[in-house]
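The values are calculated or read from the model by the stated rules, or taken from the named source; none is laboratory data. Worth saying up front: this structure is predicted, and the values here are computed from it rather than measured. For neighbour counting, all protein chains shown are included, and Cβ atoms are generated from backbone atoms with ideal geometry for every residue, glycine included.
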Amino acid sequence: MKNIFLCIIMFLAIITMTISCANVTPVTELKASTGTEAGIKASRRYPELKSAIITYKVSGMNNGTETVYIDDWGSREAIYKKFTTKMMGIDIERNVMTLITENGNWVYNIDLNTRTAIKMNRSAFEALQGNSGSNMDVAIGAIKTGTEKILGKVCDVWKRGYPYSMAWTWKGVL
């Protein structure tokens with residue numbers, strides 16, 4: 001009786017899989033959409049950067065380095081921060097990694113010291129971090145003071161009064 005019941009279940013499973021897979025188009029037969037170049041470029045997070053590795057020094061309340069890895073026009077991004085904060089005469093070393101996936105829809109913030117992580121959607125992350133690029137004045141109260149050339153790229157220079165900080169952006173990339 002068990003064998004007959006098992007055979008019937010297997011038969012139904014095979015029939016169900018055959019019916020459900022009948023309309024699946026093989027990947028080789030899929031055609032690329034005929035979107036315009038402007039539409040494709042507009043959907044990219046960083047339209048000017050296919051891939052990049054940017055390392056810079058952070059100084060002020062936190063001293064250390066930050067390395068940004070960008071791939072596939074910004075659909076994948078990783079930020080590694082290694083810094084030391086001096087608080088009441090004690091140096092606190094922090095190692096933090098932020099992963100931005102699915103074209104910026106999900107953000108994983110990983111604390112490598114405590115081995116904990118948080119997953120949040122992009123809008124929550126931007127609310128915590130502030131925006132970069134053209135709306136830095138609104139996001140962090142910075143004022144655009146001019147432009148400077150860094151590694152052959154003309155960057156916008158942003159300054160903030162208290163706590164004092166400066167940032168350079170190139171086409172929305174901090």
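The table below lists the values:
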item: Answer residue from region 100-129, given it is touching a strand residue (DSSP E or B) at 6+ places or on another chain (Cβ under 7 Å) and of a type in the set (Ser, Thr, Tyr) and is modelled with the lowest pLDDT among those; result: Thr101
item: Residue check, Ile53 within 14 Å of the chain's Cα centre (by Cα) and surrounded by 15 or more Cβ atoms within 10 Å (Cβ to Cβ); result: no
item: Matching option when the condition is touching a Gly at 6+ places or on another chain (Cβ under 6 Å) and of a type in the set (Lys, Arg), among Lys86, Lys82, Lys57, Lys50; result: Lys82
item: Restricting region 143-170 to residues that are more than 25 Å from Met97 (Cα to Cα) and either outside any strand (DSSP E or B) or assigned by TED's automatic domain parsing to the domain that holds Val58 (or both), the residue that is modelled with the lowest pLDDT; result: Tyr162
item: Qualifying residue in region 65-79 (condition: closer than 24 Å to Ser165 by Cβ, outside any helix (DSSP H, G or I) and free of Cβ contacts under 8 Å to residues at least 12 places away in the same chain); result: no
item: Residue satisfying all of: in region 56-66; under 17 Å from Trp170 (Cα atoms) and not acidic (Asp, Glu); surrounded by the most Cβ atoms within 10 Å (Cβ to Cβ) among these; result: Tyr56
item: Filtered residue count, region 62-97, keeping only those that are farther than 14 Å from Leu49 by Cβ and at pLDDT below 80; result: 1
